[in-house]
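The values are calculated or read from the model by the stated rules, or taken from the named source; none is laboratory data. Bear in mind that the values here come from a model prediction, so they are computed numbers and not experimental data. Neighbour counts are summed over all protein chains in view; Cβ atoms, including those assigned to glycine, are modelled from backbone coordinates with ideal geometry.
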Amino acid sequence: MPERWNDNEPIYRQLRARVVAMILDGRLAETDALPSVRQVAADYQINPLTVSKAYQSLVEDNLVEKRRGLGMFVREGAREHLLASERDRFVNEEWPAIRARIDRLGLDPAMLLATPTQDSSS
């Protein structure tokens, strides 16, 4: 979960995005329990209603399910659903701008693909 919040976006959206990233990265697997609303609120000093709003958004998108008396759990198929929607969003929204920039800068796509990536842990 984030240590700091971005003032330009509602906290519930940032929290939701973080849970989505954890599912995509495999840190939250299908059928895993999400941390409780109370625990997240206490850990990050945010209003429990904010956490509930983020979690409810995940329920509405069929990524997590409520189990009465037990908590919230990642639904089966959530990661595949997210991968499909993120791929679609990338191809339709992000890629055209990236491709245009590559063309504008006169970069060779083969050279870009051969360039080593930076390790995100450094």
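Hey, which of the helices (runs of 4 or more DSSP H) in the range 8-101, taking only ones fully inside, have at least 3 residues that are under 17 Å from the mean Cα position of the chain (by Cα)? Walk me through how you get there before you give the answer.
On the way: elements: 11-25, 37-44, 48-60, 78-89.
The qualifying helices (runs of 4 or more DSSP H) are 11-25, 48-60, 78-89.
Condition first: surrounded by 11 or more Cβ atoms within 10 Å (Cβ to Cβ), out of contact with any Lys or Arg (no Cβ under 9 Å at 6 or more places or on another chain) and not small (Gly, Ala, Ser). Now tell me which residues in the range 62-75 satisfy that.
Scanning the range 62-75 gives Lys66, Val74, Arg75.
Give the residues of the range 76-101 that are of a type in the set (Val, Ile, Thr) and either under 24 Å from Pro35 (Cβ atoms) or surrounded by 13 or more Cβ atoms within 10 Å (Cβ to Cβ) (or both), sorted by residue number.
From the range 76-101, those of a type in the set (Val, Ile, Thr) are 91, 98; that's our starting set.
Hits for the range 76-101: nothing passes.
Name the single residue, out of those in the range 8-27 being of a type in the set (Val, Ile, Thr) and under 18 Å from Met72 (Cα atoms), that is surrounded by the fewest Cβ atoms within 10 Å (Cβ to Cβ).
Val20
Within the set of pairs 6 or more residues apart or between chains, which connect a residue that is small (Gly, Ala, Ser) inside the range 91-106 to a residue that is at pLDDT below 95 and part of a helix (DSSP H, G or I) with Cβ atoms less than 6 Å apart?
Within 6 Å, no pair qualifies.
Residue by residue, here is whether (1) modelled with pLDDT under 95; (2) hydrophobic (A, V, I, L, M, F, W, C) holds:
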site	(1), (2)
Met1	yes, yes
Arg4	yes, no
Leu15	no, yes
Ile23	no, yes
Leu34	no, yes
Val74	no, yes
Ala78	no, yes
Glu86	yes, no
Arg99	yes, no
